[in-house]
Amino acid sequence: MLRSHTCGELTAQDIGKRVVLCGWVASRRDHGKLIFIDLRDRCGITQAVFLPKQAPEAYKLAETLRSEFVIKVEGVVNKRPAGTDNPKLPTGAVEIAAEKLEVLNPSNALPFEIEDKTEISEEVRLKYRYLDLRKRKGLENLALRHKVYKIIRALMDGEGFIECETPILTKSTPEGARDYLVPSRLNPAKFFALPQSPQLFKQILMVAGIEKYYQIAKCFRDEDLRADRQPEFTQLDLEMSFVEEEDILKVTEQIVKAIFKGVKNIDLGPPFPRITYAQAQEKYRCDKPDLRKETGSEFAFCWVVDFPLLKYNLEEKRWESEHHPFTAPSNEDLALLDSSPEKVRARSYDLVLNGMEIGSGSIRIHRRDLQNKIFGIIGISSDEAKKRFGFLLEAFEFGAPPHGGIALGLDRLLATLAGEESIREVIAFPKTQKAFCPLTGAPSEVEEKQLKELNIGIVHTKKED
């Protein structure tokens with residue numbers, strides 16, 4: 001190791017110790033006969049002082065230091081002189097009397113200051129994301145994500161879930177948002193799709209007998225972006241066999257409550273209130289009610305249940321799934337599928353936080369005959385269903401158990417926990433609202449050679465004014 005300690009752990013108990021620290025120059029103050037350096041790493045800040053008589057070579061080199069130089073400092077931990085301690089810092093009672101200094105890497109002039117309150121455009125921030133993340137807030141947001149993942153994995157393991165990874169290169173089954181397509185070199189004129197969710201694979205895992213599955217899954221949707229949308233996002237995906245709605249809601253509340261207790265030390269209390277879709281529309285004129293005023297809580301959860309199974313598309317003059325076509329209809333309403341499909345309720349449920357949907361799930365269809373019936377109602381022919389979903393339909397004929405699940409939007413939940421308005425603030429390398437990455441320049445053009453290998457040609461169209 002290049003260092004003996006981090007920049008956030010030295011206290012008065014370490015006075016007299018010889019230490020080696022590494023980090024970035026957060027600030028440099030030259031007082032003539034001595035130079036102060038605030039040295040920063042991810043754990044905190046420690047002050048180092050350079051005196052010309054005590055360490056002339058180190059002092060001379062310290063005169064050349066600038067912000068964000070990466071340095072290594074060796075010296076002895078001293079108590080700060082009376083009146084100069086900084087109670088705002090865990091290390092504020094001590095300083096390093098520097099004896100040796102090594103510049104591990106200099107830094108060019110910065111495009112912006114590494115301070116949380118610095119106002120800069122998002123384009124510039126994301127272009128220099130590696131600098132933006134050095135800010136305390138950026139680092140804390142990534143550490144928050146790490147902590148939430150640890151809490152999730154510990155709880156899911158304790159509940160007997162198995163973490164399974166599902167494919168990223170999969171079959172295009174467009175339903176709602178557009179797929180991101182990936183050409184196959186080994187299969188000319190054919191394409192993979194990046195998954196909008198692991199929906200079909202997690203249902204097949206239930207057919208396989210996994211019974212309790214979860215995954216912190218990357219998902220991809222080629223859709224117009226807003227503050228709470230990204231072309232790639234992360235969700236907590238889970239599925240359970242031999243369950244009813246109550247079982248899914250219970251384990252989901254366990255997860256959310258464990259996260260809030262572990263991160264915020266907040267007890268969310270009794271089960272979340274439940275509101276039917278009809279009640280939400282009648283009282284709040286929406287299906288994502290914000291109950292903060294009613295409950296007096298910075299975090300108001302509720303379940304919205306009994307959604308319609310179907311909605312009518314006036315433009316296309318056909319029925320569509322309110323959520324997705326694998327959602328089971330209410331057992332009480334099965335008889336209405338043929339005569340009054342608009343009255344059929346779904347066995348679905350959304351988890352809403354502060355007026356924002358952070359999770360959605362349902363009990364799934366697990367019988368081929370019912371799944372085929374739903375496909376027919378929403379205008380998917382038998383041939384099309386076989387082409388798009390044949391592998392799932394076939395699996396249903398080999399002993400598929402009753403099952404259901406949910407997906408929680410972790411980016412939205414993390415943004416709420418961090419007090420951020422946009423999910424981009426809790427993602428390490430987000431895209432802009434135009435799905436562009438200023439850091440790497442993606443998406444970008446590719447070489448003609450690559451296109452030929454994929455048997456792809458580009459058709460250039462004249463841009464309209």
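I need the full set of residues from the range 114-144 which are β-branched (Val, Ile, Thr) and either touching a Phe, Trp or Tyr at 6+ places or on another chain (Cβ under 7 Å) or part of a helix (DSSP H, G or I) (or both), in order please.
We begin by selecting, within the range 114-144, every residue β-branched (Val, Ile, Thr); these are 114, 118, 120, 124.
Passing the criteria: Thr118, Ile120, Val124.
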## Note on the structure
Of those in the range 209-267 that are touching a Pro at 6+ places or on another chain (Cβ under 9 Å) and small (Gly, Ala, Ser), the residue surrounded by the most Cβ atoms within 10 Å (Cβ to Cβ) is Ala217
### Task
Would you mention how many residues in the range 367-417 are among the charged types (D, E, K, R) and closer than 30 Å to Tyr149 by Cβ?
2
### Task
Of all residues in the range 376-400, count the ones that are closer than 26 Å to Asn313 by Cα and either assigned to a loop (DSSP other than H, G, I, E, B) or of a type in the set (S, T, N, Q) (or both).
5
### Query
Pairs under 8 Å by beta carbon, first residue over 22 Å from Cys219 (Cα atoms) in the range 234-259, partner of a type in the set (Ser, Thr, Tyr) and in a strand (DSSP E or B), six or more apart or different chains?
Glu245/Tyr349; Leu249/Tyr349
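The numbers here are math on the coordinates, done by the rules we state, and not lab data. Predicted model, so just to flag it, every value in this text is computed and none were measured. All Cβ positions, glycine included, derive from the backbone under ideal geometry; neighbour counts span all protein chains shown.
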